[in-house]
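One structure below.
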Amino acid sequence: SENNLNIHHLLADIEDMFALKAKDQGLQLRFECAADLPKYIYADEVKLRQVLINLIGNALKFTSSGSVSVEVKSKNAKGKSEAETQITNNQKPKTITFEIKDTGVGIAADELEQLFKPFVQTASGQKVQQGTGLGLTISHQFVRLMGGEITVISGGKVFTSGMPLRELSDDTKPLATSGTTFQFDISVGIADSAIQNQPYNHRVIALAPNQPQYRILVVDDQDDNRKLLVTLLKPLGFELQEATNGIEALEIWDSYSPHLIWMDMRMPVMDGYEATKQIKGTIKGQATAVIAISASVWEEEKAVILSAGCDDFVRKPFHKEAIFDIMAKHLGVSYIYQEEEPLYPPSHVTGEPLNLTDLLAAMSKQWMVKFHEAVLDADSELVSKLLDDIPESHAFELQTLRNWVKKFQFEKILDLTEPLVGES
């Protein structure tokens, strides 16, 4: 169902979700948004989020070197007058275009027309021993339900479902680089002003002071899923341990006594259902909050999960804000929030902004060593104090660095300082 959403927050959430995976693979992940991209849109957030996650995840899966880029543009809706397509709450129609480009090996022409069928394995997929599963099939269906079509461009060919395969036309030749481009348009409503009751206007940047040391156990057989939660929670000050199956979870729970467990329900050896039943079958376990994480979209499955003893339920893929909300609900956690600010300046790129390295290199060696050590210690107060030594004439670069400090994104700063300290 459609709802009001902040598209910049949605894109930032998805970028955060894939940033670690891209870094682990040695790939650059770029998000580029047009300067006129509206802040608030009226669209089906669940479907849009799932499509973007599927397409970006697929691009990363089949790209061994180079980059994956996500470009988002907007234009006035065509085909109908504004009066004919006027949406409630003074929302005006626009078309949002999404392009997910990768530098992978591409897709052969004879395989393009089979791409949206379930569990297709292309020649490039055979090389990495992976197929597309249901991801592209679901994405294709969801985009259609939102009134659009997915177009695939690869190897000089263009394929749109329901249309014959065609050669790349002159106006799309700028896309004719190596790799594959997935492109789709959806028509959305645009709010004239900030939407009331927007649920997630602020980002959590730290735990409020004077709280207990919360112990959290993350249980999932997939490394990436565990990393996602650990990377989200550890920088804020939570203490974390990990388990890869239900038996490990029981052993760690017994000795570690976590306040809360994030429990994947489908795992080998022992699944989350059995582990939860055993934990909740004890007096000690009654004091532990067990939150199920499941990819199931069925309400019946939710009922089964809760009947196993889980205290709450989160569907994959999840909003990170939903994770924070549930922890506040079950543990009483209080947070410090980042003030509202633009998340994506025009042509935002994940990676090193222009001139940042030169800016830091211009500082004294003594300052650089202090700054690098403060970043290594994640000492946000000292890092911020040292940034005050940089001339305000470099306001844009300073704002980028300060935003990273606010968000505890010290790894990005370390990528800049480590080569400079090594040279000194």
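Data for the structure
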{"quantity": "Matching helices (runs of 4 or more DSSP H) fully within the range 107-162 where at least 2 residues are among the acidic types (Asp, Glu), at pLDDT 80 or above and buried (at least 16 other Cβ atoms within 10 Å of the Cβ)", "calculated": "none"}
{"quantity": "Residue list for the range 57-71, filter: surrounded by fewer than 20 Cβ atoms within 10 Å (Cβ to Cβ), small (Gly, Ala, Ser) and either without any contact (Cβ under 8 Å) to a residue 40 or more places away in the chain or under 18 Å from His8 (Cβ atoms) (or both)", "calculated": "Ser65"}
{"quantity": "Helices (runs of 4 or more DSSP H) completely within the range 210-296 that count 1 or more residues being among the basic types (Lys, Arg) and more than 21 Å from the chain's Cα centre (by Cα)", "calculated": "272-280, 283-286"}
{"quantity": "Subset of the range 15-34 (residues that are surrounded by fewer than 21 Cβ atoms within 10 Å (Cβ to Cβ), within 14 Å of the chain's Cα centre (by Cα) and not in a helix (DSSP H, G or I))", "calculated": "Arg30"}
{"quantity": "Among (1) surrounded by fewer than 21 Cβ atoms within 10 Å (Cβ to Cβ); (2) within 17 Å of Val143 (Cα to Cα); (3) within 13 Å of the chain's Cα centre (by Cα); (4) not aliphatic (A, V, I, L, M) - the single one Asn54 does not satisfy", "calculated": "(1)"}
{"quantity": "Residue check for Ile305: buried (at least 19 other Cβ atoms within 10 Å of the Cβ), outside any helix (DSSP H, G or I) and either out of contact with any helix residue (DSSP H, G or I) (no Cβ under 9 Å at 6 or more places or on another chain) or not assigned by TED's automatic domain parsing to the domain that holds Gln409 (or both)", "calculated": "no"}
{"quantity": "Search result, residues across the range 353-382 that are part of a loop (DSSP other than H, G, I, E, B) and at pLDDT 85 or above", "calculated": "Met363, Ser364"}
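The values are calculated or read from the model by the stated rules, or taken from the named source; none is laboratory data. This structure is a prediction, so every number in the text was calculated from the model and none was measured. Here the Cβ is made from the backbone with ideal geometry for all residues, glycine too, and neighbour counts use every protein chain on show.
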